[in-house]
1. Within the set of pairs 6+ apart or on separate chains, which have a first residue in segment 88-111 that is closer than 24 Å to Arg72 by Cβ, a second that is polar (S, T, N, Q), and C-beta atoms under 6 Å apart?
2. Residues being more than 16 Å from Leu112 (Cβ to Cβ) and in contact (Cβ under 8 Å) with a residue 40 or more places away in the chain: count how many of those fall in segment 23-37.
3. For the subset of segment 86-144 comprising residues that are part of a loop (DSSP other than H, G, I, E, B) and charged (D, E, K, R), which member is farthest from Arg71 (Cα to Cα)?
4. Take segment 13-29 and flag every residue that is surrounded by fewer than 20 Cβ atoms within 10 Å (Cβ to Cβ) and either in a helix (DSSP H, G or I) or in contact with a strand residue (DSSP E or B) (Cβ under 8 Å, 6 or more places away or on another chain) (or both).
5. Going by the conditions given, is Met95 more than 21 Å from Ala20 (Cα to Cα), surrounded by fewer than 17 Cβ atoms within 10 Å (Cβ to Cβ), of a type in the set (A, V, I, L, M, F, W, C) and out of contact with any Lys or Arg (no Cβ under 6 Å at 6 or more places or on another chain)?
Amino acid sequence: MEDLQLLLVDDETAFVETMAKRLTKRGLTVEGAQSGEEALAKLSKNPRTDVVVLDVKMPGMDGIETLREIRRHYPLVEVIMLTGHATVETAISGMKLGAFDYLMKPCELDELVAKVREAAAKKFGHEQKIVEARAKHIALRRGD
């Protein structure tokens with residue numbers, strides 16, 4: 001899990017820049033986005049993204065709407081919702097829509113890194129199952 005690709009989405013530019021630097025020091029490859037629309041554009045350019053850390057409350061396309069689009073177009077990408085106290089219910093509804101987990105802001109860096117690594121491990125597990133299923137399908141077609 002050395003080359004873990006993370007997309008950090010929050011409308012607070014200073015938060016994104018600071019967290020990106022701190023997470024990069026922890027060995028993650030981090031890209032930032034300041035809106036749901038920008039996040040979706042970056043995902044389309046970098047389909048290797050493993051995990052998205054997504055703020056719930058953003059102007060324009062909010063976190064829940066962005067999560068729905070990520071689920072629809074990038075079903076293997078895991079999403080961790082970031083929420084303030086007032087939006088816990090929204091984060092829980094995000095879990096129902098397929099988010100991996102949610103964390104309260106401000107969150108501890110170690111906790112965020114641990115969640116990101118857990119989410120990436122889940123994604124890699126799904127990808128491995130897909131590879132195995134394809135290999136099995138090919139073997140069956142060949143009569144192996």
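1. Ala91/Thr83; Tyr102/Thr83
2. Qualifying residue count for the region: 0.
3. Across segment 86-144, the extreme among qualifying residues is Asp144.
4. Across segment 13-29, the qualifying residues are Thr13, Ala14, Phe15, Glu17, Thr18, Ala20, Lys21, Arg22, Thr24, Lys25, Thr29.
5. When the stated conditions are applied, Met95 passes them.
Any read-out appearing in this document is the output of simple, stated calculations on the displayed coordinates, not a laboratory observation. As the structure is a computational prediction, the values presented were derived from the model and not from experiment. Glycine also receives a Cβ, built like all others from the backbone with ideal geometry; neighbour counts cover every protein chain displayed.
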